[in-house]
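See structure below.
The numbers here are math on the coordinates, done by the rules we state, and not lab data. Not measured: the values here are computed from a predicted model. Here Cβ is always computed from backbone atoms with ideal geometry, including for glycine, and neighbour counts include all displayed protein chains.
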Amino acid sequence: MKISTLRAGALRFSYLMLISLATPQAFAAAAAAGAVAAATKTAQEGANCKAIGDFYWEVGDGKGPIASGSVGDEYSATKSIKIASASKFVWGAYVLEKIGKTTQPTEDQLNKLEMLSGQTAFNPIACLFTRSVGSCFENRSNAQIKPDDIGRFSYGGGHDQKLAVDLGLGRMSGEELTREVKTYIGNDIDLDYARPQPAGGLEGTPAGYATFLRKVINGQLRMKQFLGYHPVCTLPGACPNAVQSPVKEAWHYSVNHWVEDDPKTGDGAFSSPGLEGFYPWISADKTTYGVLAREQLRAGAYWASVQCGRDIRKAYFSGNAVP
């Protein structure tokens with residue numbers, strides 16, 4: 001009896017010690033470690049991530065990166081690359097700051113930020129040898145409005161190019177546009193306009209873009225209030241007012257960013273995938289950001305990055321690796 005009693009007492013003491021150690025902070029730390037491990041394993045071994053080759057990835061919150069890594073040796077947090085349509089997210093944030101901290105976008109501005117303006121004849125190839133925002137917009141048929149597309153979603157860079165002209169930026173070069181935009185969103189953001197095209201001309205480092213995303217989720221930029229604002233239906237065939245979309249799922253479009261809210265596959269994240277595979281996102285609860293960075297000029301590069309990037313996001317939030 002004495003041995004059993006001693007043994008029972010020792011077990012009870014051990015149990016109480018475990019309970020005392022299992023503070024909320026300890027549980028949180030364990031959960032965070034599981035989230036990082038799951039995200040890392042998915043990035044390194046998940047089928048959708050293996051399919052895209054080399055890339056850099058990062059997940060973080062308002063304080064900074066929580067998990068990150070390079071798959072292969074081609075990309076890192078500090079390597080500058082073209083980000084293509086991921087530029088749109090930044091441009092939308094700039095416009096909201098430019099018009100004033102308490103000013104709502106006008107109907108005309110919102111139509112351009114949500115790609116409803118009918119400026120659908122724009123071709124960025126026509127801007128290869130132009131040197132200013134305005135000359136890019138006015139070259140060939142870029143400035144043409146298609147009346148049948150007014151009020152209907154049609155993805156493209158012409159809407160933002162026209163808005164830049166409307167805001168008085170037509171004479172600006174890429175370098176001048178960089179200075180203008182950074183005046184409002186912050187010089188600490190390591191992104192620059194290689195071309196004077198607001199919708200697709202930025203290049204920079206993943207770390208620089210992550211700084212931008214942190215400023216959004218911290219509320220330093222008005223974009224946090226406008227994430228998911230006035231969402232527009234985008235899928236042709238399913239939406240009567242949708243003409244053209246690069247996304248084949250039922251996402252919506254907001255102020256120069258996507259809302260990943262497809263009923264079957266979406267989790268409500270806000271994102272802005274770039275043509276060559278740069279995929280930035282902010283979680284539906286506006287507390288967490290992510291970046292998947294690579295530069296591959298091949299068909300479908302943007303969508304392949306989305307598949308890998310959202311697997312990493314799912315793994316991080318669930319604590320379970322995605323195979």
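Before moving on, here are some points about what is shown:
- Take the Cα of ALA121, step 7 Å toward its Cβ, do the same at LEU297, and the gap between the two points is 2.7 nm.
- Three principal axis extents of the stretch 255-314 based on alpha-carbon atoms, in descending order, are 32, 24, 23 Å.
- Applying 0.36 nm per residue to the separation of ASP54 and ALA33 and subtracting their alpha-carbon distance, the gain on full extension is 5.1 nm.
- For the stretch 229-245 and the stretch 72-93, distance of Cα centres in Å: 26 Å
- Selection from ALA284, LEU221, HIS252, by position along the positive dipole direction of the chain (Cβ): ALA284
- Inter-label distance, nm, simple model (7 Å from Cα along the C-beta direction), GLN104/GLU45: 5.1 nm
- Applying both filters, DSSP loop and at most 15 other Cβ atoms within 10 Å, to the chymotrypsin sites (Phe, Trp or Tyr not before Pro) of the stretch 79-136 gives PHE129.
- Shape call, the stretch 75-225: gyration tensor on alpha carbons, a/c limit 1.5: oblate
- For TYR75, the residues whose modelled amide H falls within less than 5 Å of its own, excluding neighbours fewer than 5 places apart on the same chain, are PHE55.
- Computing FRET efficiency as 1/(1 + (r/R0)^6) for LEU128 and SER318, where r is the C-beta to C-beta distance and R0 is 56 Å, gives about 0.80.
- Signed unit charges on C-beta, dipole axis of the chain, positive-most listed residue ILE66, LEU128, ALA194: ILE66
- Each Lys and Arg contributes +1 and each Asp and Glu -1, all at the Cβ; summed about the Cα centre of the stretch 28-318, the dipole is approximately 120 debye.
- Cβ-derived FRET efficiency at R0 22 Å, LYS79 paired with SER173, nearest 0.05: 0.35
- Our helix-only sum for the chain, with -39,500 (n - 2.57) per DSSP H run of n ≥ 4 divided by its residues, gives a mean residue ellipticity at 222 nm of -12000 deg cm²/dmol.
- With neighbours defined as other Cβ atoms within 10 Å of a residue's Cβ, the residues CYS239, CYS308 order from fewest to most as CYS239, CYS308.
- Sequence-separation-based contact order of the stretch 42-124, relative, with Cα cut under 8 Å and 6+ spacing, percent: 16 percent
- Cα-Cα over 29 Å, subset of LYS146/LYS215; LYS79/LYS146; LYS82/LYS182; LYS224/LYS248; LYS88/LYS248: LYS146/LYS215; LYS79/LYS146
- Fewest-first ordering of ASP190, ASP285 by other beta carbons within 10 Å of each residue's beta carbon gives ASP285, ASP190.
- Test item: Cα-centred dipole of the stretch 187-323, Lys/Arg +1 and Asp/Glu -1 on Cβ, debye: 140 debye
- Signed unit charges on C-beta, dipole axis of the chain, positive-most listed residue VAL243, GLY266, LEU169: GLY266
- A convex hull fitted around the alpha carbon atoms of the stretch 28-318 yields 121 Å³ per residue.
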